[in-house]
Amino acid sequence: LNPQSWVASTMPSAYPRLLQPITLRGGAVLRNRALMGSMHTGLEEGEGWGHSLEKMGAFFAERARGGVGLMVTGGIAPNAAGRVAPFAATMASSSDARRHRTVTEMVHEVGGAKIAMQLLHAGRYAYQPS
């Protein structure tokens, strides 16, 4: 069963463009207008950066298979001071970017979907070691 054809056959005619491609300002093309907003999955934290990137990649790849046009990951801290937990993921260096590429590649292997990272500084709720 093709998820997009099922949705198209059951979708109200009030949203005729929902499953049509859209070109964003800047030229990026989404295969449809279905967006999966950022949510905390618990896959962003763990013991060290490589902790669950395969699980996180598999999670988002499955949604890409389901037909989502754009997915936004859960919050990744821009530096250690902005982390929500002691081992929460950060995007503070080029090595962080290389490791996170695992998630992006797993989504792109499925084909068709785009993925974006939510950068999230926890502010006053950030983890502060005692």
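The selection criterion, being open to solvent by 70 Å² or more (accessible area, probe 1.4 Å) and at pLDDT 95 or above, does not hold for E54.
Of all residues in segment 94-123, those that are in a helix (DSSP H, G or I) have Cβ atoms under 9 Å from Cβ atoms of residues that are open to solvent by 80 Å² or more (accessible area, probe 1.4 Å) and among the acidic types (D, E), 6 or more apart or on another chain, in T102/E54; V103/E54; M106/E54; V110/E62. The residue that is surrounded by the fewest Cβ atoms within 10 Å (Cβ to Cβ), counting only those in segment 95-115 that are within 16 Å of L53 (Cβ to Cβ) and among the small types (G, A, S), is S95. State which residue is most open to solvent (accessible area, probe 1.4 Å) when the search covers only segment 116-130 and only residues that are over 14 Å from the mean Cα position of the chain (by Cα) and not hydroxyl-bearing (S, T, Y). In this case the residue turns out to be R124.
The values are calculated or read from the model by the stated rules, or taken from the named source; none is laboratory data. These numbers were taken from a predicted model, which means no experiment stands behind them. All Cβ positions, even for glycine, are placed from backbone atoms using ideal geometry, and neighbour counts span all protein chains on display. These area figures cover heavy atoms from the full protein model, side chains too; ligands, DNA and RNA do not enter into them. Shrake-Rupley method; radii C 1.70, N 1.55, O 1.52, S 1.80 Å.
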